[in-house]
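Following: one structure in C-alpha cells, then a few remarks.
The values are calculated or read from the model by the stated rules, or taken from the named source; none is laboratory data. Quantities reported herein were computed from a predicted structural model and do not represent experimental measurements. All accessible areas refer to the heavy atoms of the entire protein, side chains included, with ligands and DNA or RNA removed. Shrake-Rupley method; radii C 1.70, N 1.55, O 1.52, S 1.80 Å.
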Amino acid sequence: MDILKVIGLLGIVLAHVTSPVVVFQLRNFDVVLMILVSAYLGLKSRKSEKLIPYLVKRFKRLVLPTWFFISFFLILKMCLGNYDLGLKGVLATYALSNFGMGYVWIIRIYFIVAMLIPLYKSLSNRFSEFQILVFSLMLFVLYEILCHAGMFENKLLDYLVAYFIPCFFLLVLAKKIFENSKWNDAVTIISLLIFLVYGFYLFRENGHLVQTQNYKDPFQLYYLCYGVFVSGLLIKLTKSIRIKGFLYDKVILFISSHSLWIYLWHIIPVTLLNHFGLAWYIKYVLVLIIASAFTVCQSKIVEKFQGKANPEFLNIFRG
C-alpha cells in the first residue's frame, strides 16, 4: 500500500509540470490508483465507528489541512502581488471545486470516498458483495449515459453528484481486486479490452488518438478503464515486491505517511517554476525535492510542539 501511494503521488505531481503528451498519458492512472488505495484502506480501517464521528475525523484529516494551506497560499500570492482569483474563485477553491485555483479538487474526491465507505458498510450488512457490485455497475452505466447526454455540464450537478457514482464503483472494485487475485486479473483484462475498443472507436471518430484526460471531468468509462487497468497491474506487481531498510523506512514510508502535505506543498514550487523555461523533468525533480523539504521541516516543527500544543491542532499538520 505504501508503494502504491508513492506511485500515485508521483504520478499526480508529474501531471502538473507540463510533461510531454506521451508521458502525461502514461501517468494518467494515478488518480484512479489513489482512489482505489484510499477506498480499500478506509474499508479495512473503519470498524464499528459511528457515521458522524467518522466523517468529522476524515474532515479534520483531509479538508482542514487543505484549508490551512489554501489560506497560506492565497496570502502568499497577495503578498507577491500575484493574486488572480476573484471572490467566486476563492469560494470555489475552499469548496475544493474544479473551478477554483486548481490542484485541491482531488482532496474533495478523497472526502467523497470517505463518505461512501459507511454506505458500503451499511449495504454489506444486507446484500452480498456480488449484489453490491452488480448494483454499482448498473448505477455506473446509468451515470455514463447521463454523462454523454451532457447532464453534468451543469457546474452544480458536477460538484454535488457527478463524482459519487464512479467513486462508489471504484470503492466496490477495490474490495474485490485487493483481496482476490483472480478478480484482480479479470478486472485488469476486462478494463484493458474496454479501453482498447473505446480508444479504437474514438480514433475512428476523431482521426487521432484521444487522451483519457478528455474523459476525466467527470470520470467516465474511457478514463476509468485505463486507470483500473494500470492500477491492477501495479497491485499485482507490488504484492511480490519486498523493500526493506533505508529505502522503505526513510523514503517510501515517509512519503506515504506524509502524502497529503507533500502534495499540498508541491503547489508552491509548481506555481513558481511554471514561469521559467525549465525542462519538464528538471522541474519535476525540483518540485519533488522542494515539496519534500518543506514537509520534512514541517514534520520537525510539529515534533518540537509535541506535548506543548493541542494534539487535535497538531494533527492537522501531520501526514
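Sorting Met34, Met101, Met151, Met78 on solvent-accessible area from highest to lowest, probe radius 1.4 Å, gives Met78, Met151, Met101, Met34. Against the criterion of solvent-accessible heavy-atom surface with a 1.4 angstrom probe, Leu209, Leu9 sort, most first, into Leu209, Leu9. Over the range 96-146, the Kirkwood radius and the radius of gyration, each from Cα atoms, give a ratio Rg/Rh of 1.11. With only Cα atoms counted, the range 19-82 has Rg and Dmax values of 17.5, 49 Å. Cα convex hull, the range 163-319: 181 Å³ per residue, rounded to a whole number. For the range 78-153 and the range 175-227, compute the distance between their C-alpha centroids and round to whole Å. About 19 Å separates the Cα centre of the range 78-153 from the one of the range 175-227. Comparing Ile289, Ile262, Ile112 in a Gaussian network model of the chain where C-alpha atoms under 10 Å apart are linked, the largest mean-square fluctuation is found at Ile289. Rolling a 1.4 Å probe over the protein chains gives Tyr248 an accessible area of about 60 Å². Taking a span of 30 Å or more along the helix axis (Cα atoms) and a mean Kyte-Doolittle hydropathy of at least -1.0 as the rule, the DSSP H helices of the chain that qualify are 181-206, 280-304. Cross-link reach is defined here as a Cα-Cα straight distance under 21 Å, omitting same-chain residues fewer than 8 places apart; for Lys216 the lysines meeting it are Lys5, Lys155.
So how exposed is His266, as accessible area in Å² (1.4 Å probe, rounded to 10)? The value for His266 is about 0 Å². Only helices enter the 222 nm calculation for the chain: every DSSP H run of n ≥ 4 contributes -39,500 (n - 2.57), and dividing by all residues gives -22000 deg cm²/dmol, rounded to 500.
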